[in-house]
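In what follows, a single structure is set out as structure tokens and then discussed.
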Amino acid sequence: MTITLKSYPVELSLAAFICLMGSIECTIVTLFIERGNPTAWSIQLASKLLAAIYGGVICSGVGYYVQGVIMKTLGPVFVTAFNPLSMVIVAILGSIILAEVMYLGKGFLE
């Protein structure tokens, strides 16, 4: 991504392009997996649609944009160093905000 940012310095457009290509790839895979199930393509105005929009726009789009800005200003080392930290932050926020139960091996933490 560092080489791409040097030749294409507009981070937000690059993040949108990455998300578009991911959507196209997921659509192709889903066409093969759900080829006999047309109800899989029905859009329901419920929490599933809201979760998909949130996951696509906020998590992926903003995440790629922030990674691009950090990579352009500080270098690729910081992006790869803090990438595992994002999973820990998601687990902690999910436990606090959504009251999710974290499972660690066979036991669980509440």
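The values are calculated or read from the model by the stated rules, or taken from the named source; none is laboratory data. For clarity, every value in this text was computed on a predicted model and none was experimentally measured. Here Cβ is always computed from backbone atoms with ideal geometry, including for glycine, and neighbour counts include all displayed protein chains.
Residues of region 85-99 that are of a type outside the set (Val, Ile, Thr), at pLDDT 75 or above and either closer than 25 Å to CYS26 by Cα or surrounded by 12 or more Cβ atoms within 10 Å (Cβ to Cβ) (or both): MET87, ALA91, GLY94, SER95.
Does LYS48 satisfy the criteria of being basic (Lys, Arg), free of Cβ contacts under 8 Å to residues at least 24 places away in the same chain and not in a strand (DSSP E or B)? Taking the combined requirement at face value, the residue satisfies it.
The conditions of being surrounded by 11 or more Cβ atoms within 10 Å (Cβ to Cβ) and of a type outside the set (Asp, Glu) are met by SER60.
Against the list (1) part of a loop (DSSP other than H, G, I, E, B); (2) of a type outside the set (Phe, Trp, Tyr); (3) outside the structural domain of SER13 (by TED's automatic domain parsing), the condition MET87 fails is (1).
Which condition number in (1) surrounded by 11 or more Cβ atoms within 10 Å (Cβ to Cβ); (2) modelled with pLDDT of 75 or more; (3) within 19 Å of the chain's Cα centre (by Cα); (4) not aromatic (Phe, Trp, Tyr) is the one that GLY75 fails? Only one criterion is unmet by GLY75, namely (3). Residues being in a loop (DSSP other than H, G, I, E, B) and not acidic (Asp, Glu) are represented in region 57-80 by at least one member. The number of residues in region 26-45 being in a helix (DSSP H, G or I) and not β-branched (Val, Ile, Thr) comes to 6.
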